[in-house]
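Working notes for the structure below.
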Amino acid sequence: MSHGPQNRNSHPTDAAIPVAEKRNEVDRSREPLFELRAISHSYGRNKAIFDVNLLVWPGEVVALVGDNGAGKSTLLKIFAGYLEPTSGSLRFMGEEVRFGTPARARALGIEAVYQDLAIVDQLSLWRNFFLGKEIARKIGPLQVLERRRMRREAETAIAKLGLTRIRSAEQPVWALSGGERQSVAITRAIYFGAKLLLLDEPTAALSVRETRNVLASIHQARDHGLGVLYIDHNMNHVLPVADRIVLLEHGRIVRTIDRGEVGVEELQELIARRAQNAES
Ligand SMILES: Nc1ncnc2c1ncn2[C@@H]1O[C@H](COP(=O)(O)OP(=O)(O)OP(=O)(O)O)[C@@H](O)[C@H]1O
Ligand SMILES: [Mg+2]
């Protein structure tokens, strides 16, 4: 595992991402959406996560930050059902859950969005949007797909997000950029009533415009009451969207920062300093 520089994803346009920093009140007197209790995880003899407790509320964006190898993706995979924790427990909407598989997590409304996954390149945008959840009508013994309706609904949902370059839901998905795919996937998750959205470095390698779209769709998800757990190395992206920032270091949560508590530079310094201390 490389412990490369923290800002490996940075590009010259990083500084100015004009995403509106909308106020968001998270009601933490409610039941948390998701909870990790005393979670540890080992890959064979390599222990990656140590006794982590983490809560995500509905309508809250939690950013996981930390140096390379800190355990961010591992935690996200536990949330998504890709990894079974070695010890500890998970609670979803007040009940203890054990996923075993990503499909079971998805069935509960936990949607992990990746740049390339869960999308069939050759199919049109609307077919991808409704993949596995097609609207069909029964005519006698036949199931007939309601193509026009699905196309229209996909177009309406995407238009609401303001992805202006997507002109037609008829276009194949291979013609979309990575950022557009993710925005579509996020819209899809909202449309189908997901409750928790998981994103692992969704803005890596995206242009400014695409980054803005992806961050705006994270805001949309939050405004629809979804909880969002989000990993990003770029603090310029994290700060405008996160309600809470959770700093991981060598598999442990070392600090939780509320919105507005620190600025970009302070946050960058904090992570760099911790990484330095850890190495020395
Ligand atoms: N499949 C795996 N098998 C063995 N060890 C793994 C595996 N995946 C991750 N690890 C180890 O677990 C630790 C945490 O890795 P993880 O990928 O969660 O870090 P991360 O915070 O997402 O890092 P990055 O910012 O580089 O993506 C690292 O020490 C890594 O080497
Ligand atoms: Mg990772």
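The values are calculated or read from the model by the stated rules, or taken from the named source; none is laboratory data. What you are looking at is a predicted structure, and each value in this text was computed from that prediction instead of being measured. Heads up, the Cβs are rebuilt from the backbone with ideal geometry, glycines too, and the neighbour counts pull from every protein chain shown. With ligands, DNA and RNA removed, areas are computed over all heavy atoms of the protein, side chains included. Shrake-Rupley method; radii C 1.70, N 1.55, O 1.52, S 1.80 Å.
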Next on the checklist: Taking the criterion of being out of contact with any helix residue (DSSP H, G or I) (no Cβ under 8 Å at 6 or more places or on another chain), modelled with pLDDT of 55 or more and among the small types (Gly, Ala, Ser), would at least one residue in segment 4-11 satisfy it?
Outcome noted: no
Checklist entry - Of the residues in segment 229-256, how many are more than 15 Å from Ala70 (Cβ to Cβ) and β-branched (Val, Ile, Thr)? => result 1
Checklist entry - Which residues, counting only those in segment 28-47, are more than 18 Å from Ala242 (Cβ to Cβ) and in contact (Cβ under 8 Å) with a residue 40 or more places away in the chain? => result Glu31, Glu35, Arg37, Ala38, Ile39, Ser40, His41, Ser42, Lys47
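Residues checked against (1) assigned to a helix (DSSP H, G or I); (2) in contact (Cβ under 8 Å) with a residue 24 or more places away in the chain; (3) under 30 Å from Glu31 (Cα atoms):
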| residue | (1), (2), (3) |
| --- | --- |
| Val120 | no, yes, no |
| Ala169 | no, yes, no |
| Glu180 | yes, yes, no |
| Ile186 | yes, yes, yes |
| Ile190 | yes, yes, yes |
| Pro202 | no, yes, yes |
| Leu206 | no, yes, no |
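Per-residue answers, yes or no, for (1) at pLDDT 95 or above; (2) among the β-branched types (Val, Ile, Thr); (3) surrounded by 23 or more Cβ atoms within 10 Å (Cβ to Cβ):
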| position | (1), (2), (3) |
| --- | --- |
| Asn46 | yes, no, no |
| Leu75 | yes, no, yes |
| Thr86 | yes, yes, no |
| Thr101 | no, yes, no |
| Arg104 | no, no, no |
| Ala112 | no, no, yes |
| Asp116 | no, no, no |
| Leu125 | no, no, yes |
Checklist entry - Val62: within 16 Å of ligand 2 (Cβ to nearest atom) and at pLDDT 95 or above, yes or no? => result yes
Checklist entry - What pairs come up if the first residue lies in segment 48-70 and is within 15 Å of Ser87 (Cβ to Cβ) and open to solvent by 10 Å² or more (accessible area, probe 1.4 Å), the second is within 12 Å of ligand 1 (Cβ to nearest atom) and part of a loop (DSSP other than H, G, I, E, B), and their beta carbons are under 7 Å apart, counting only those six or more places apart or on different chains? => result Ala48/Gly71; Ala48/Gly251; Phe50/Gly251
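Got a number for residues in segment 75-95 being without any contact (Cβ under 8 Å) to a residue 40 or more places away in the chain and within 16 Å of ligand 2 (Cβ to nearest atom)? If you could, list the steps in order and put the result at the bottom.
Taking segment 75-95 and keeping what is without any contact (Cβ under 8 Å) to a residue 40 or more places away in the chain, we get 77, 81-82, 84, 95.
In the following step, the residues that additionally are within 16 Å of ligand 2 (Cβ to nearest atom) were identified as 77, 82.
Total satisfying the criteria: 2.
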Checklist entry - If Phe79 passes every condition in (1) within 18 Å of Lys195 (Cβ to Cβ); (2) open to solvent by 10 Å² or more (accessible area, probe 1.4 Å) but one, which one does it miss? => result (2)
Item to check | Failed condition for Leu197, given (1) touching a strand residue (DSSP E or B) at 6+ places or on another chain (Cβ under 6 Å); (2) assigned to a loop (DSSP other than H, G, I, E, B) | outcome: (2)
